[in-house]
């Protein structure tokens, strides 16, 4: 079976994590090792206010603690693990998200997770690769980024009002509508 590197981001109840953090971390690790995974890196990411309240098991959470684990596991066992996480850990697990890590990024991501002690370590590797090389359209008239040609310009008479052919849709029909078929008329 193919072995895959996974990254799982857990959103945990921050109150329970503060009071019994070691037991919660051990429970997560035990769940992963139950499916023969090899845990490579595990660490706290951040503790923050949520964008919106999340209700789980009659409790509304407004704050959460993010915890990340990188692990190798057979890809055939991932679905079983996901079901186990959904069912068995509702008392402290608010949400979780698992991503398969692309092998070309594996070493860089693991190195950052092991060595970078900042709060936003999860985003660092991706930000460096996705950094824009040229900021086109930001304050470029007609480019859609600034007030000169962007969203606000639609109210000033500029920008795309939707009445121009942009080439991505067929031209409107011209002339009268074709006649209906005789067999389609209701009697």
Notebook entry, point to check: Which whole-number percent is the relative contact order of region 3-129 (Cα, under 8 Å, 6+ apart)?
Noted result: 39 percent
Next item on the list: Based on other C-beta atoms within 10 Å, arrange 58, 19, 42 from fewest to most.
Entry: 58, 19, 42
Check: Between rounded, prolate and oblate, where does region 3-129 land on the alpha carbon gyration tensor, with a ≥ b ≥ c its root eigenvalues, rounded for a/c under 1.5, else prolate if a/b exceeds b/c?
Finding: oblate
Next item on the list: Just rank 105, 70, fewest to most, by other beta-carbon atoms within 10 angstrom.
Entry: 105, 70
Check: What's the exposure ranking of 67, 6, 35, going from fewest to most Cβ atoms within 10 Å?
Finding: 35, 6, 67
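Where a number appears in this text, it was derived from the coordinates with a stated rule and is not lab data. Note that the structure is a prediction, hence the values are computed from the model and not measured. So basically every Cβ, Gly included, is an ideal-geometry build from the backbone, and we count neighbours across all protein chains shown.
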